[in-house]
Every structure is written in C-alpha cells, then in structure tokens.
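Read through the structure below, which is laid out as structure tokens, and then see the notes.
The values are calculated or read from the model by the stated rules, or taken from the named source; none is laboratory data. If you're wondering where the values come from, they're calculated on a predicted model, not measured in any experiment. Cβ atoms come from the backbone with ideal geometry, glycine included; neighbour counts cover every protein chain shown.
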Amino acid sequence: MKVQIINKSNHPLPEYATSLSAGMDLRANLSEPVILQPMKRALIPTGLFIAIPAGYEGQVRPRSGLAIKRGVTVLNSPGTIDADYRGEVRVILINLSNEPFEIQDGERIAQIIFSPCMQVVLQATDTLDETSRGEGGFGHTGNE
C-alpha cells in the first residue's frame with residue numbers, strides 16, 4: 001500500500017527500523033526544545049501531513065523505550081488518524097515520571113502503524129444472541 005506524505009520537517013521520512021517492524025517512528029518537529037514537566041502533557045508537531053487511503057487508519061502509539069526509560073507515553077493511545085484528515089500529524093505526549101523530560105527537535109517520540117478498518121451500520125434491536133460468556137467482563141474469568 002502506498003501512502004502519500006508531505007514532509008515539512010527537516011527530518012527524514014518515517015521508515016521501518018527492521019524488515020519485520022510494525023510501526024515507523026515519528027519525530028518531533030520543533031523550533032526549540034519543549035520541557036515536559038511531570039504529569040504534564042503537550043501536543044508535539046511532526047511536520048508530516050498524510051493522505052491515508054479509504055478503509056485504513058493511522059494509529060499513533062507510544063515508543064516502548066521512551067515509556068520504560070523515561071516514563072513518557074502517548075496520552076490517547078492509540079491515537080487514530082482518519083482517512084479524511086489532512087492536517088499535520090501531532091502527538092499528545094504525557095510525562096508520567098517524576099522528572100522533567102526535554103523533547104528535542106528530531107527526537108523519536110511515537111510510532112505510527114497503518115491498519116485496515118471498516119465502518120459498520122448499526123441495527124437497533126431489543127435482544128442479542130446468547131453466548132457462553134454472556135455479560136461477564138472486567139476480570140470475570142479470575143485472571144487479573
């Protein structure tokens with residue numbers, strides 16, 4: 001699948017790090033560093049504009065290394081980029097650590113994954129078919 005992209009940053013296009021990677025890293029596009037204080041959030045621009053084909057979505061997800069090493073993650077994970085969105089891809093980051101985190105221009109801040117998705121037609125009804133699970137949820141199997 002080919003996805004059209006406009007790159008208004010000074011950084012290379014996102015790419016897969018390995019032949020079996022699911023996501024491509026997104027980089028911060030900043031004129032100056034952003035200090036993300038503990039428990040604060042910020043909307044970080046990437047300088048990227050994409051045209052996702054109909055029937056697909058872009059999912060913005062955290063980078064595991066940034067999450068485990070620095071406590072910084074994507075707040076609305078996964079963030080969905082709809083196929084008809086043409087604005088700049090921006091990432092909502094939150095600092096869950098106890099230390100300020102400085103985001104530098106060009107820093108890898110998140111990853112993007114492209115996935116198929118479909119729209120459905122909801123059909124109102126008064127009953128649903130029975131299953132062995134029924135209404136059980138939220139830990140009903142005994143597993144935490």
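Would you mind stating whether A83 is surrounded by 14 or more Cβ atoms within 10 Å (Cβ to Cβ), part of a strand (DSSP E or B) and among the hydrophobic types (A, V, I, L, M, F, W, C)?
Values: surrounded by 14 or more Cβ atoms within 10 Å (Cβ to Cβ): yes; part of a strand (DSSP E or B): no; among the hydrophobic types (A, V, I, L, M, F, W, C): yes.
For A83, the condition - surrounded by 14 or more Cβ atoms within 10 Å (Cβ to Cβ), part of a strand (DSSP E or B) and among the hydrophobic types (A, V, I, L, M, F, W, C) - is not met.
Go through (1) of a type in the set (V, I, T); (2) more than 21 Å from L96 (Cα to Cα); (3) in contact with a Ser or Thr (Cβ under 9 Å, 6 or more places away or on another chain) and name the single condition I5 misses.
(3)
Take the residues in the stretch 100-137 that are in a strand (DSSP E or B) and of a type in the set (G, A, S); name whichever of them is farthest from P33 (Cα to Cα).
Residue satisfying both the conditions and the ranking: S115.
What single numbered condition from (1) among the aliphatic types (A, V, I, L, M); (2) surrounded by fewer than 17 Cβ atoms within 10 Å (Cβ to Cβ); (3) within 24 Å of P12 (Cα to Cα); (4) touching a residue at least 40 places away in the same chain (Cβ under 8 Å) fails to hold for A67?
(4)
Here is a list of conditions, (1) at positive phi; (2) in contact (Cβ under 8 Å) with a residue 12 or more places away in the chain, and R108 meets all of them except one; can you say which number that is?
It is condition (1) that R108 fails.
Of everything in the stretch 4-17, what is surrounded by 13 or more Cβ atoms within 10 Å (Cβ to Cβ) and β-branched (V, I, T)? Give them in sequence order.
Matches in the stretch 4-17: I5 only.
Quick check: anything in the stretch 106-117 modelled with pLDDT of 95 or more, within 21 Å of K8 (Cα to Cα) and loosely packed, with under 11 Cβ neighbours inside 10 Å?
No; the residues of the stretch 106-117 include none that is modelled with pLDDT of 95 or more, within 21 Å of K8 (Cα to Cα) and loosely packed, with under 11 Cβ neighbours inside 10 Å.
What residue, of S132, S77, is out of contact with any His (no Cβ under 7 Å at 6 or more places or on another chain), of a type outside the set (D, E) and under 26 Å from S21 (Cβ atoms)? Walk me through how you get there before you give the answer.
Numbers: S132 fails: under 26 Å from S21 (Cβ atoms).
Every option except S77 fails the conditions.
Filter the stretch 18-64 down to residues that are closer than 13 Å to I112 by Cα and among the basic types (K, R) and give me whichever is surrounded by the most Cβ atoms within 10 Å (Cβ to Cβ).
Residue satisfying both the conditions and the ranking: R27.
Is there a residue being under 18 Å from N7 (Cα atoms), at pLDDT 95 or above and either of a type in the set (V, I, T) or not in a loop (DSSP other than H, G, I, E, B) (or both) anywhere in the stretch 63-75? Reasoning before the result, please.
At the first step, the residues of the stretch 63-75 found to be under 18 Å from N7 (Cα atoms) are none.
Within the stretch 63-75, not a single residue is under 18 Å from N7 (Cα atoms), at pLDDT 95 or above and either of a type in the set (V, I, T) or not in a loop (DSSP other than H, G, I, E, B) (or both).
With (1) among the aliphatic types (A, V, I, L, M); (2) in contact (Cβ under 8 Å) with a residue 40 or more places away in the chain; (3) outside any strand (DSSP E or B) as the list, and L43 as the residue in question, which single condition is left unmet?
Every listed condition holds for L43 apart from (3).
Looking only at the stretch 3-53, which residues are basic (K, R) and under 17 Å from Q111 (Cα atoms)?
Passing the criteria: only R27.
Identify the single condition in (1) of a type in the set (D, E, K, R); (2) over 26 Å from F49 (Cβ atoms); (3) free of Cβ contacts under 8 Å to residues at least 40 places away in the same chain that E99 does not satisfy, given that it satisfies every other one.
Failed condition: (3).
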